[in-house]
Amino acid sequence: MPYSARAAALLLTIAVATVASRTDAQVPTTSKGEVAHPDPIYANDLRLGMRKLWVSNAIWMREYIVNTIGADLSLDAASKRLAKSQDDIGRAFAPFYGAETGSKVTTLLRQHTSLVKEMIEASMAKNTAKLTEADKRWRANADSITTLLSTVNPTNWPMATIQPVLAGGINLTIAETNARLKQDYNADVETFDTILAQSLKLADMFSEGIIKQ
């Protein structure tokens, strides 16, 4: 297993282990009268599961970026694993908002990945016009994700709340990619740490929104 993949697996293990005890304590199992509290959506499992999904997506997006820039032979495997992660995220929304919504989430995330590749290729070719155009479509793609999720849960995911979070993720991915292209590996690693934290924030926003709704 390449070093980057081993490091990714370790990061995922650490992230999940770190949050497990916290999420277990967040939902009471009894009411004030000591009567069993029904939890039809298994809130603890939802919180932890959503965190695992978005951290995994961040890790495999990083692998995809690194392998694309380095023309690594493991790019195809990383690409397939990233696609699986995006399938899993779409399926996570489906029980609450329907299979069509889940499928749309996956499709938009796949488009997101394709545009990342276009931007990397344009940057490496120093094609400013192509880079600008791909960046515009990338941000429009993120807006489509925001609009879709805000539509299905407008009270808990209003545009004004979730758009800055998704936009922040985009800017971090750009910073990570640029640092990697410049071979500034310290900045690359530091940015990825921030991306992991942002992924947990995003996951919590989605799980809490579902629970409240």
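The values are calculated or read from the model by the stated rules, or taken from the named source; none is laboratory data. Keep in mind it's a predicted model, so treat the numbers as computed, not measured. Backbone-built Cβ (ideal geometry, glycine too); neighbour counts: all protein chains shown. Accessible surface is based on the protein model in full, side chains and every heavy atom, while ligands, DNA and RNA are left aside. Shrake-Rupley method; radii C 1.70, N 1.55, O 1.52, S 1.80 Å.
On the given criteria, is THR146 surrounded by 14 or more Cβ atoms within 10 Å (Cβ to Cβ) and touching an Asp or Glu at 6+ places or on another chain (Cβ under 8 Å)? Please lay out each step first, then the result.
Numbers: surrounded by 14 or more Cβ atoms within 10 Å (Cβ to Cβ): yes; touching an Asp or Glu at 6+ places or on another chain (Cβ under 8 Å): no.
Spelling it out, it is not the case that THR146 is surrounded by 14 or more Cβ atoms within 10 Å (Cβ to Cβ) and touching an Asp or Glu at 6+ places or on another chain (Cβ under 8 Å).
Which residues, counting only those in the stretch 89-112, are buried (at least 18 other Cβ atoms within 10 Å of the Cβ) and hydroxyl-bearing (Ser, Thr, Tyr)?
TYR97, THR106
Six or more apart or on different chains, Cβ atoms under 8 Å: show the pairs whose first residue is in the stretch 129-152 and in contact (Cβ under 8 Å) with a residue 24 or more places away in the chain and more than 15 Å from THR113 (Cα to Cα) and whose second is of a type in the set (Lys, Arg) and open to solvent by 50 Å² or more (accessible area, probe 1.4 Å).
Every condition considered, the pairs that remain are LEU148/LYS104.
Scan the stretch 62-76 for residues that are hydrophobic (A, V, I, L, M, F, W, C), open to solvent by 20 Å² or more (accessible area, probe 1.4 Å) and part of a helix (DSSP H, G or I) and jot them down.
Of all residues in the stretch 62-76, those hydrophobic (A, V, I, L, M, F, W, C) come to 65-66, 69, 71, 73, 75.
Keeping just the survivors that are open to solvent by 20 Å² or more (accessible area, probe 1.4 Å) gives 66, 69, 71, 73, 75.
Once the filter is applied, which keeps residues that are hydrophobic (A, V, I, L, M, F, W, C), open to solvent by 20 Å² or more (accessible area, probe 1.4 Å) and part of a helix (DSSP H, G or I), the stretch 62-76 yields VAL66, ILE69, LEU75.
State the number of residues belonging to the stretch 175-188 that are touching a residue at least 12 places away in the same chain (Cβ under 8 Å) and either open to solvent by 40 Å² or more (accessible area, probe 1.4 Å) or basic (Lys, Arg) (or both).
Within the stretch 175-188, the subset touching a residue at least 12 places away in the same chain (Cβ under 8 Å) is 175-181, 187-188.
So of that shortlist, the ones also either open to solvent by 40 Å² or more (accessible area, probe 1.4 Å) or basic (Lys, Arg) (or both) come out as 175, 178, 180-181.
Going through the stretch 175-188 one residue at a time, the tally reaches 4.
Could you tell me whether any residue of the stretch 145-167 is modelled with pLDDT under 95 and more than 28 Å from LYS212 (Cβ to Cβ)?
no
Taking LYS117 as the residue in question, decide whether it is within 19 Å of SER79 (Cα to Cα) and touching a helix residue (DSSP H, G or I) at 6+ places or on another chain (Cβ under 8 Å). Please lay out each step first, then the result.
Values: within 19 Å of SER79 (Cα to Cα): yes; touching a helix residue (DSSP H, G or I) at 6+ places or on another chain (Cβ under 8 Å): yes.
For LYS117, the condition - within 19 Å of SER79 (Cα to Cα) and touching a helix residue (DSSP H, G or I) at 6+ places or on another chain (Cβ under 8 Å) - is met.
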